[in-house]
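Single-structure report; data block below.
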Amino acid sequence: MNAFAESFSLALALITGADATLWRIVGLSLRVSATACALGALAGLALGAWLAVARFRGHGAVVGLLNTLLALPSVVVGLVVYLLLSRSGPLGSLGILFTPTAMVVAQTILVVPLIAALARQLVADALREGGDELRAMGAGRWTSALLLLLHERLALLTVLLTAFGRAVAEVGAVMVVGGNIDGVTRVMTTAIALETSKGDLPLALALGLVLLGVVGLINVGVAFSRRSPAAWVGAAA
């Protein structure tokens with residue numbers, strides 16, 4: 001049996017055998033990313049809705065900056081958060097560096113631009129289609145934006161699932177601010193990098209398979225969220 005086949009077989013055994021180390025890492029990854037996406041959604045949806053209806057000098061520059069931040073490398077986010085939370089940083093007194101909380105902060109900063117940019121475009125497009133009707137009913141700009149966000153909730157689900165996929169699959173930021181401490185801050189992506197360098201290929205491959213499965217489920221969720229309720233009923237029938 002070659003090395004890949006042997007590692008793959010052992011990886012499947014770790015997954016099906018409910019290996020404690022494997023699933024502890026997976027559980028922490030999902031908790032950190034889910035928390036970050038929940039916090040990022042609060043800030044990102046509000047910012048995106050506001051930018052869709054606000055009109056002020058420099059509005060285009062702010063939107064351009066937001067779109068630029070979509071390509072912000074995760075290691076840069078990790079570096080900024082590290083500098084803020086380090087002992088000599090302005091927030092060092094909090095003592096949360098190299099903890100899951102610091103990882104949540106980094107991932108939240110990472111997903112906010114993504115959620116905000118997509119939400120802004122979503123609300124702007126919806127306003128062009130139904131904004132006149134809402135204004136005729138007396139709804140203000142901010143109220144219209146919030147109502148349209150509620151109306152486009154299936155599209156919003158796609159946005160949030162996309163943000164979660166971005167968070168759970170990133171490695172740079174959590175590596176920098178979490179430190180990849182065994183049993184404390186080790187998540188799937190950082191563990192894959194570490195275990196591969198150590199030569200523990202079965203565990204690294206098992207984590208990779210689980211991560212691929214999580215991302216695959218997210219893609220399935222995105223695909224289903226784009227379908228109309230009528231299509232769901234038809235598929236069920």
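The values are calculated or read from the model by the stated rules, or taken from the named source; none is laboratory data. Being a predicted model, the structure only gives us computed values, none of them experimental. Every residue, glycine among them, receives a Cβ derived from its backbone with ideal geometry; neighbour counts consider all protein chains shown. Just the protein is used for accessible areas: all its heavy atoms, side chains included, with ligands, DNA and RNA removed. Shrake-Rupley method; radii C 1.70, N 1.55, O 1.52, S 1.80 Å.
So what is the 222 nm mean residue ellipticity for the chain from helices alone, if each DSSP H run of at least 4 adds -39500 (n - 2.57) and you divide by all residues, rounding to the nearest 500 deg cm²/dmol?
Details: 11 runs with 185 residues, N = 237.
About -26000 deg cm²/dmol.
Rounded to two decimals, what is Rg over Rh for region 1-53 when you use alpha-carbon atoms and the Kirkwood radius?
Working: Rg = 19.4 Å, Rh = 14.2 Å.
For region 1-53, the value is 1.37.
Does anyone have the angle between helix 3-16 and the longest principal axis of the chain? Alpha-carbon axes, 0 to 90°, nearest 10?
That helix lies at roughly 70 degrees to the long axis.
Mind pulling the angle between the C-alpha long axis of helix 141-151 and the longest principal axis of the chain? Nearest 10 degrees, somewhere in 0 to 90.
50
What FRET efficiency comes out for the pair V215/A54, r = Cβ-Cβ distance, R0 = 30 Å, nearest 0.05?
Values: r = 34 Å, r/R0 = 1.14.
E(calc), rounded to 0.05, equals 0.30.
Using all C-alpha to C-alpha distances in region 1-128, build P(r) with 10 Å bins and read off the rounded percent in each one.
Calculated P(r), rounded to whole percents: 12, 28, 26, 20, 11, 3, 0.
If you count, for each residue, the other Cβ atoms within 10 Å and average over each peptide, how do 56-65, 30-39, 12-21 line up from highest to lowest? Before the final figure, lay out the partial values.
Working: 56-65: 10.3, 30-39: 19.9, 12-21: 13.3.
Sorting 56-65, 30-39, 12-21 by mean packing, highest first, produces 30-39, 12-21, 56-65.
Distance from a point 7 Å along Cα→Cβ of V75 to each backbone N in region 167-193: keep the residues under 14 Å and list them by number.
Zone members listed by number: 171-177.
In whole percent, and with a 1.4 Å probe on the protein chains, what portion of the accessible area of the chain is carbon and sulfur? Walk me through the numbers before you get to the answer.
Values: 8420 of 12350 Å².
Here it works out to 68 percent.
Work out how much length L150 to A34 would gain on full extension: take 0.36 nm times their residue separation and subtract the Cα-Cα distance, in nm to one decimal. Could the numbers behind the result be given before it?
On the way: separation 116, 0.36 × 116 = 41.76 nm, distance 2.09 nm.
Here the segment from L150 to A34 would lengthen by 39.7 nm.
How would region 147-188 be classified by its alpha-carbon gyration tensor: rounded, prolate or oblate, with rounded meaning a/c under 1.5 and the a/b versus b/c comparison settling the rest?
On the way: a/c = 3.96, a/b = 3.88, b/c = 1.02.
Prolate shape, in that a/c is at least 1.5 and a/b is the bigger ratio.
Report, to the nearest 10°, how far helix 59-68 tilts away from the longest principal axis of the Cα atoms in the chain, using its own Cα long axis and a range of 0 to 90°.
Orientation of helix 59-68: about 20 degrees from the principal axis.
Have a look at the chain and give its Rg and Dmax from the Cα atoms, expressed in angstrom.
Every Cα atom of the chain included, Rg and Dmax give 20.8, 72 Å.
Suppose all protein chains stay in the model; what accessible area per residue would a 1.4 Å probe give for the chain, in Å²? Write down the numbers at each step before the final one.
On the way: 12350 Å² over 237 residues.
Here the residues of the chain average 52 Å² of exposed surface.
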